[in-house]
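Peer 1: Following this message is one structure expressed as structure tokens.
Every number here is computed from the coordinates shown, using simple stated rules; none is lab data. Quantities reported herein were computed from a predicted structural model and do not represent experimental measurements. FYI the Cβ positions are ideal-geometry reconstructions off the backbone, even for glycines, and counts take in every protein chain you see.
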Amino acid sequence: MLDWLVIGGGVHGTYLSNVLVNALGAERERVRVLDPHAEPLAAWRSRARNCAMDFLRSPGVHHIDVEPFSLLRYARSEAAPPTAELWGRYQHPSLCLFEAHSRAVIERSRLEQLRTRGELRRLRTTTGGYRAETTHGELYARRVLLAIGPPAQLEWPVWARAAREQGASIEHLFGERDPLANLAAHEHVLVVGSGCSAAHAALHASRHAGSTTWLTRTPLRGAEYDSEPGWLGPKHLSAFGHERSAVRRRDAITRARQPGSLPERLQHAVKLALRHERLQHLLGDDPRVERAENGRLRVRLHEHTLEHRFDRIVLATGFSRARPGGAWLNAVADELGLPVAPCGYPLLAPTLEWTRGLFVCGQLAELELGPTARNIGGARLAAERLERAGVAA
Ligand SMILES: Cc1cc2nc3c(=O)[nH]c(=O)nc-3n(C[C@H](O)[C@H](O)[C@H](O)COP(=O)(O)OP(=O)(O)OC[C@H]3O[C@@H](n4cnc5c(N)ncnc54)[C@H](O)[C@@H]3O)c2cc1C
């Protein structure tokens with residue numbers, strides 16, 4: 001029987017497997033990370049590349065190594081690729097630097113060897129732990145850590161679904177195909193959605209396509225982080241931790257998160273692109289999309305007052321608003337009789353335990369870790385909880 005079975009080998013699962021083995025004293029032979037992808041961080045990497053992200057929004061101390069200054073030291077070392085960069089006061093890493101550092105950490109700590117390829121389908125209790133039924137067969141573990149990331153479903157607005165059903169060329173930025181690939185200089189592109197991913201995508205298209213229009217539902221607004229840094233420490237987390245009501249905790253998370261906001265670096269790049277007319281910004285919702293005679297897409301906004309024609313539409317609308325885990329997680333909660341908040345998220349102990357031996361991190365642990373739970377910094381908060389609880393050995 002394993003000591004730890006980590007479900008999900010993305011940013012959180014890979015980092016926490018590193019912490020378990022290299023900081024909390026777990027025996028590496030008794031730790032497994034179950035993930036459907038061939039490589040660690042694969043889901044993260046494809047999303048970051050699809051939206052043509054250049055720099056991370058998070059600071060240089062947020063990464064997948066145990067020691068906080070590891071990435072900053074790596075950036076100054078000879079091992080760092082020449083295109084690896086740090087930007088600004090908080091030393092935001094370029095995607096290239098973050099990826100090179102992640103690869104170096106994975107290699108040094110042999111984290112690939114901890115992985116088993118497959119997906120969890122069902123979780124049952126068994127003597128002394130859990131039996132995980134996976135696409136790879138059964139695995140037995142004393143403790144299970146759910147690190148499953150965002151919901152598998154992407155957010156497809158109703159109008160976009162309807163247009164796609166009529167054969168319109170609409171792709172989601174986080175879908176299987178890379179919707180920004182092979183942009184041609186004669187193409188007219190519409191990027192829909194607000195926030196960093198949309199901004200990165202719109203800026204990329206503005207450099208490669210004939211024209212790029214960016215449609216957002218709300219005006220562009222700035223914020224350095226998607227929630228205030230005080231949520232990574234006691235400033236906000238201690239009051240949050242004292243709040244007993246899950247409904248009020250959810251309200252606090254909703255108030256604290258600033259979805260759709262852009263950090264200064266991106267605001268500046270967007271302003272320049274707008275000023276030089278490489279990018280146009282439109283404010284509006286629920287566009288009507290029809291296929292025009294020439295194969296282009298006719299997009300009408302504001303009761304026919306504006307009409308534009310595009311060759312492709314790229315959705316940067318993020319993930320479904322549903323709780324991650326879908327039906328299989330509902331079944332786990334039902335079968336094990338686990339407490340769930342009205343918003344559907346797990347109600348966890350401060351140790352991040354949902355029930356004895358079943359731990360949760362990432363977005364799914366929001367009601368315990370607050371609005372940064374899903375970010376890379378949230379993985380550090382999770383590690384601190386596991387360490388404080390002394391659960392590793
Ligand atoms: C474009 C983009 C940019 C971002 N930039 C930043 C940033 O700069 N800074 C920051 O702090 N945060 C950022 N985030 C937010 C967050 O850090 C990332 O979403 C990060 O990938 C979350 O890590 P994760 O491990 O929770 O999820 P993921 O990286 O998605 O990993 C989850 C893994 O679990 C697997 N999984 C799911 N279900 C199962 C199952 N049943 N069985 C087995 N495996 C399963 C998935 O296949 C996946 O491999 C960004 C997010 C996006 C989308």
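Peer 1: Ignoring the sites themselves, what is the longest stretch of the chain with no GluC sites (Glu not before Pro) in a DSSP loop and at most 10 other beta-carbon atoms within 10 Å? Walk me through the numbers before you get to the answer.
Peer 2: Details: sites that count: Glu78, Glu176, Glu277, Glu293, Glu303.
Longest stretch, sites excluded: 177-276.
Peer 1: Would you kindly give the portion of the calculated P(r) for the stretch 142-242 that falls above 25 Å, as a percent of all Cα pairs?
Peer 2: On the way: 2079 of 5050 pairs.
Summing the P(r) of the stretch 142-242 above 25 Å gives 41 percent of all pairs.
Peer 1: Please list, ordered by chain and number, the residues whose modelled amide H lies under 5 Å from the amide H of Leu154; skip anything fewer than 5 residues away on the same chain.
Peer 2: Long-range HN contacts for Leu154: Ser320.
Peer 1: Could you give me D for the stretch 251-393, from Stokes-Einstein at 20 °C and 1.002 mPa s, where the hydrodynamic radius is the Kirkwood radius over C-alpha pairs? Units µm² s⁻¹, please. Write out the running numbers ahead of the final one.
Peer 2: Values: Rh = 19.2 Å.
Once the numbers are plugged in, D ends up at 111 µm²/s.
Peer 1: As a test of understanding, state the convex hull volume per residue of the chain from its alpha carbons, in Å³.
Peer 2: Given the Cα convex hull of the chain, per-residue volume reads 149 Å³.
Peer 1: Where the Cα atoms of the stretch 54-208 are projected onto their three principal axes, how long is each span, largest first, in whole Å?
Peer 2: 62, 48, 24
Peer 1: Moving to a separate point now. Could you tell me whether the stretch 317-393 comes out rounded, prolate or oblate from its Cα gyration tensor? Rule is a ≥ b ≥ c as square roots of the eigenvalues, rounded for a/c under 1.5, then prolate if a/b exceeds b/c, otherwise oblate.
Peer 2: On the way: a/c = 2.17, a/b = 1.16, b/c = 1.87.
Judged from the Cα gyration tensor, the stretch 317-393 comes out oblate (a/c at least 1.5, b/c at or above a/b).
Peer 1: Rounded, prolate or oblate: which fits the stretch 254-295 when a ≥ b ≥ c are the square roots of the eigenvalues of the alpha-carbon gyration tensor, with rounded for a/c under 1.5 and prolate only if a/b beats b/c?
Peer 2: Values: a/c = 3.94, a/b = 1.41, b/c = 2.80.
Here the stretch 254-295 falls in the oblate category.
Peer 1: Could you let me know the centre-to-centre spacing of the stretch 12-69 and the stretch 163-218, using Cα atoms, in angstrom?
Peer 2: After rounding, the separation between the Cα centres reads 28 Å.
Peer 1: For the stretch 55-99, take the convex hull of the Cα atoms, compute a quarter of its surface area, and give me that in nm², please.
Peer 2: On the way: hull surface 11.2 nm².
Answer in nm², one decimal: 2.8.
Peer 1: Stokes-Einstein at 10 °C, 1.306 mPa s, Kirkwood radius from Cα pairs: D for the stretch 127-177 in µm² s⁻¹? Each step should come with its number before you reach the end.
Peer 2: On the way: Rh = 14.7 Å.
Approximately 108 µm²/s, per Stokes-Einstein.
Peer 1: How large is the helix-only mean residue ellipticity at 222 nm for the chain, computed as the sum of -39500 (n - 2.57) over DSSP H runs with n ≥ 4, divided by its residue count, in deg cm²/dmol to the nearest 500? Don't skip to the answer; put the middle values down first.
Peer 2: Values: 12 runs with 124 residues, N = 393.
Helix-only estimate at 222 nm: -9500 deg cm²/dmol.
Peer 1: Take every DSSP beta bridge with both residues inside the chain and express the antiparallel ones as a percent of the total, to the nearest 5. List each step's numbers first, then the result.
Peer 2: Numbers: 27 of 61 bridges.
The answer is about 45 percent antiparallel.
Peer 1: Counting other C-beta atoms within 10 Å, and keeping those with at most 16, which DSSP coil trypsin sites (Lys or Arg not before Pro) do you find in the stretch 285-393? Intermediate values should be presented prior to the final figure.
Peer 2: Working: sites: Arg288, Arg291, Arg296, Arg298, Arg300, Arg309, Arg312, Arg321, Arg356, Arg374, Arg380, Arg385, Arg388; in loops: Arg296, Arg321, Arg356, Arg374.
Answer in residue order: Arg321, Arg356.
Peer 1: Kirkwood Rh and Cα-based Rg: tell me the resulting Rg over Rh for the stretch 197-305, rounded to two decimals. Walk me through the numbers before you get to the answer.
Peer 2: Numbers: Rg = 19.0 Å, Rh = 16.9 Å.
Value, to two decimals: 1.13.
Peer 1: Taking amide hydrogens as modeled 1.01 Å from N in the peptide plane, which residues meet the under 5 Å criterion relative to Arg312, leaving out close sequence neighbours?
Peer 2: Long-range HN contacts for Arg312: His188, Leu190.
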